[in-house]
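Let me begin by presenting the structure, written as structure tokens, before commenting on it.
What follows is calculated from the coordinates using simple rules that are stated; it is not laboratory data. Treat the numbers as computed from the prediction; the structure is a model and nothing was measured. Cβ: placed from backbone, ideal geometry, glycine included. Neighbour counts: every protein chain shown.
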Number of protein chains: 2
Amino acid sequence: MKVSVVKDILEANDRIAQENRAIFDEKGLMVFNLMSSPGAGKTTLLEKTIGALHDSLKIGVIEGDIQSSHDAERIADKGIPVVQINTGGACHLDGNMIRDTFKEFDLDALDLLVVENVGNLVCPAEFKVGEDFKAMILSVTEGDDKPAKYPLMFRESRILLINKIDLIPYLDISMNRIKEEALKINPHLIIFEISCKTGEGLDQWYAWLKETVERRNAA
Amino acid sequence: MKVSVVKDILEANDRIAQENRAIFDEKGLMVFNLMSSPGAGKTTLLEKTIGALHDSLKIGVIEGDIQSSHDAERIADKGIPVVQINTGGACHLDGNMIRDTFKEFDLDALDLLVVENVGNLVCPAEFKVGEDFKAMILSVTEGDDKPAKYPLMFRESRILLINKIDLIPYLDISMNRIKEEALKINPHLIIFEISCKTGEGLDQWYAWLKETVERRNAA
């Protein structure tokens, strides 16, 4: 019985996500859903990405947090439109929460909408919001055994950003193991090794994102 | 409607957790529920704690993971009884899952049962399993803004272990801010600052745990 309730919720969510997706298509707007454990660096990556790309792309952000608006304020400081969703306990964003934000944005004026999900390596992977693709961040400080333990997130993501690589000298982890295990679960993953602190690897991510948005929105 | 479903699930779980608790009381067994984000160091802390205390306490462990039995194998290598629960997608352990493990243990022979929850800073805090108390680990690499963003976990926990303090020199975080924000949410938190890598701070944790188990089980 519990399983069927969960299935109903997921099916209802999939339908709303498809409706969101139709609206994004109509507006010629690329959307990605950014997920990670708490503190892996989602907001910092967004701050850097906005700083690098806001001259060439019009970016909007939806911030998901259980409570507080700290992250939305960090993004607003970059001078771009941002809406904070406080889930009030819910451990993930869903299609309905995203739809509720549409009236707060001028979607026609945007090229890229980024959905920063609640920090959680499990539940957000189950709920589509209408995105073009999911991207996840794994911090090297979380260890090299995470792909096998949280496989759905790795399977659902198109992009894996491995962050905080500046800390590798102080950790007992193997970057090769992270990549091998992740690619075993999802051979199509596009992997970027980055440090939001030193900037290493970020130029490749910016270039990929800019090109992908431009190609998608020209189609 | 969705809210009432969640409430029913939580109420049913609370009832099962109370039944588990009555069994633990009857057996004179202390139980704690260990929670954190993925990769904050739960299994490593358990390995160290078992190594330090298994001469004086009989310890058993329940390992919760979505899939894989990697963590249970690490604990089994320490020569103590361990049961792996694979939740198969569920993002937390609940009372029923814990009850299902009882037939795998000789509960009368144990002094302390540790439940290592699924790595997730959100959902596990909502589901009691019959524990005496909840303990959480926060890795300093997750940043100093986590208490305000994930308040329920901090509010529900009696113990906060702040781990990986050996990495503080390489991070832009304030230990004072972590502690202040955590204590603002839960003034009763008992805080240990530890490094499972260097061993710093662990002796205080071992001493507290040993004394608490002995006092509880003598009562």
Regarding segment A:11-27, can at least one residue be identified that is of a type in the set (Asp, Glu), part of a helix (DSSP H, G or I), within 14 Å of another protein chain (Cβ to nearest Cβ) and touching an Asp or Glu at 6+ places or on another chain (Cβ under 9 Å)? no
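Okay, residues lined up against (1) more than 17 Å from the chain's Cα centre (by Cα); (2) under 26 Å from B:THR141 (Cβ atoms):
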| site | (1), (2) |
| --- | --- |
| A:ASP14 | yes, no |
| A:LYS48 | no, yes |
| A:ILE59 | no, no |
| A:ARG74 | no, yes |
For a quick check of your reading of the model, give me the residue pairs whose first member lies in segment A:85-107 and is more than 16 Å from A:ALA12 (Cα to Cα), whose second is among the acidic types (Asp, Glu) and surrounded by fewer than 20 Cβ atoms within 10 Å (Cβ to Cβ), with beta-carbon atoms closer than 8 Å and at least 6 apart or on different chains. A:ILE85/A:ASP100; A:GLY89/B:GLU126
Got a sec? Which of A:LYS164, A:LYS128, A:LYS134 is farther than 25 Å from A:GLU26 by Cα and either surrounded by fewer than 24 Cβ atoms within 10 Å (Cβ to Cβ) or of a type in the set (D, E, K, R) (or both)? A:LYS164
Just one of B:ILE185, B:ILE159 is in contact with a strand residue (DSSP E or B) (Cβ under 6 Å, 6 or more places away or on another chain) and surrounded by 16 or more Cβ atoms within 10 Å (Cβ to Cβ); which is it? B:ILE159
I need every pair where a residue in segment A:56-68 that is away from chain B (no Cβ under 14 Å) and surrounded by 17 or more Cβ atoms within 10 Å (Cβ to Cβ) has its Cβ under 6 Å from the Cβ of a residue that is of a type in the set (Phe, Trp, Tyr) and assigned to a strand (DSSP E or B), sequence separation at least 6 or different chains. none
So if I check each of A:ILE85, A:ILE98, which one is more than 14 Å from chain B (Cβ to nearest Cβ), within 19 Å of A:GLY130 (Cα to Cα) and crowded, with 17+ Cβ neighbours inside 10 Å? A:ILE98
Among B:SER139, B:SER195, the single one that is touching a Gly at 6+ places or on another chain (Cβ under 7 Å), of a type in the set (S, T, N, Q), facing another protein chain (nearest Cβ under 10 Å) and under 22 Å from B:GLY51 (Cα atoms) is B:SER139
Among the residues of segment A:87-103, is any at positive phi, of a type outside the set (Lys, Arg) and over 12 Å from the mean Cα position of the chain (by Cα)? yes
Name the residues in segment A:168-219 that are of a type in the set (D, E, K, R) and closer than 14 Å to A:LYS146 by Cβ, would you? A:ARG177, A:LYS179, A:GLU180, A:GLU181, A:LYS184
Do we find that A:LEU34 is within 30 Å of B:ILE137 (Cβ to Cβ), more than 13 Å from every other protein chain (Cβ to nearest Cβ) and either among the aliphatic types (A, V, I, L, M) or outside any loop (DSSP other than H, G, I, E, B) (or both) in this structure? yes
Starting from residues that are surrounded by 13 or more Cβ atoms within 10 Å (Cβ to Cβ) and not hydroxyl-bearing (Ser, Thr, Tyr), keep the ones in segment A:167-179 and report whichever is nearest to the other protein chains (Cβ to nearest Cβ). A:LEU167
With respect to the numbered conditions (1) within 14 Å of chain A (Cβ to nearest Cβ); (2) among the acidic types (Asp, Glu); (3) not in a helix (DSSP H, G or I), which one is the sole condition not fulfilled by B:GLU73? (3)
In the set A:THR43, A:THR49, the lone residue that is within 11 Å of another protein chain (Cβ to nearest Cβ), closer than 21 Å to A:PHE133 by Cα and assigned to a helix (DSSP H, G or I) is A:THR43
